[in-house]
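A.B. asks: Take a look at this one; I'll ask things after.
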Amino acid sequence: MNPTIVVFDIGGVLIDWNPAYLYRQLMADEAAVSAFLAEVCTPAWNEQFDAGHPFAEGVAELVAKHPEKADLIEAYWLRWHEMLGGEVAGTAGLLGRLKAGGVPVHAISNWSAETYPRAQEIFPFLGSFDVLIVSGREKLIKPHAPIFERFLERAGVRAEECLFIDDNTANVAAAAALGFHTEHFRNSEALEARLIALGLLAAEAVE
């Protein structure tokens, strides 16, 4: 059966988020930015916030290890909003069209509970989901099965009813293993074509 429900990831699908956007303003060159984000404020370090760890504690712990980089580390929290590059082109429009067409639209996002409200202030469409699962609030994180199971329980739906959209292949694979229909997000044009093919979205008339 075709899915009748759409479940979005947010970062990388609806919102362009990249710490390099901030650190390019603070560091001399791209090599320095890449090294800092690979060796100090790493993806693994950031993941603890998505899993519910408080920013204040995580920042303090890292500053203790790298006191010479304290200002740069503290900027990760103080200037977090400068990591937001804007909406991913076209995807919020698809979200709006799905809502207007009466399709239930939900989200499962790896995101800090502390920074999600800041993102929602900047991007009001983040308030339009019927059921929203934010990993930092739940203290569960993708690609692990419990966060998907929490969503299914809260939304009162079955996995096979849902199309799950994510830019991360591990998250897509985890959802597929639980029975979700999946779409590995590349761009809004490919997503639109898939939504139309599944009957979730009507093609827009060409004038």
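The values are calculated or read from the model by the stated rules, or taken from the named source; none is laboratory data. These numbers come from a predicted model, not from an experiment. Don't worry about glycine lacking a Cβ; one is built from the backbone with ideal geometry, like all the others, and counts go over all protein chains shown. SASA here: full protein model, heavy atoms, side chains in, ligands and nucleic acids out. Shrake-Rupley method; radii C 1.70, N 1.55, O 1.52, S 1.80 Å.
A.B. asks: Can you name the residue in the range 1-20 that is more than 27 Å from Gly127 (Cβ to Cβ) and of a type in the set (A, V, I, L, M, F, W, C) and is also surrounded by the most Cβ atoms within 10 Å (Cβ to Cβ) among such residues?
C.D. replies: Ala20
A.B. asks: Give, as residue ranges, the strands (runs of 3 or more DSSP E) completely inside the range 88-207 that count at least 2 residues that are open to solvent by less than 60 Å² (accessible area, probe 1.4 Å), more than 17 Å from Ala51 (Cβ to Cβ) and modelled with pLDDT of 95 or more.
C.D. replies: 105-109, 162-166, 181-184
Listed here are the residues, each with its yes/no results for (1) under 27 Å from Ala100 (Cα atoms); (2) in contact with a strand residue (DSSP E or B) (Cβ under 8 Å, 6 or more places away or on another chain).
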residue	(1), (2)
Leu132	yes, yes
Pro143	no, no
Phe151	yes, yes
Arg158	yes, no
Thr169	no, yes
Val172	yes, yes
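A.B. asks: Filter the range 21-71 for residues that are part of a helix (DSSP H, G or I), in contact (Cβ under 8 Å) with a residue 24 or more places away in the chain, open to solvent by less than 40 Å² (accessible area, probe 1.4 Å) and not polar (S, T, N, Q) and give the result.
C.D. replies: Leu22, Tyr23, Phe36, Phe49, Asp50, Phe55
A.B. asks: Let me ask you something else. When the range 166-179 is examined, which residues are found to be touching a His at 6+ places or on another chain (Cβ under 8 Å) and of a type in the set (A, V, I, L, M)?
C.D. replies: Residues satisfying the conditions are Val172, Ala174.
A.B. asks: Now, a different point. Within the range 125-141, is there a residue that is without any contact (Cβ under 8 Å) to a residue 24 or more places away in the chain, out of contact with any Ser or Thr (no Cβ under 9 Å at 6 or more places or on another chain) and among the polar types (S, T, N, Q)?
C.D. replies: The answer is no; no qualifying residue exists.
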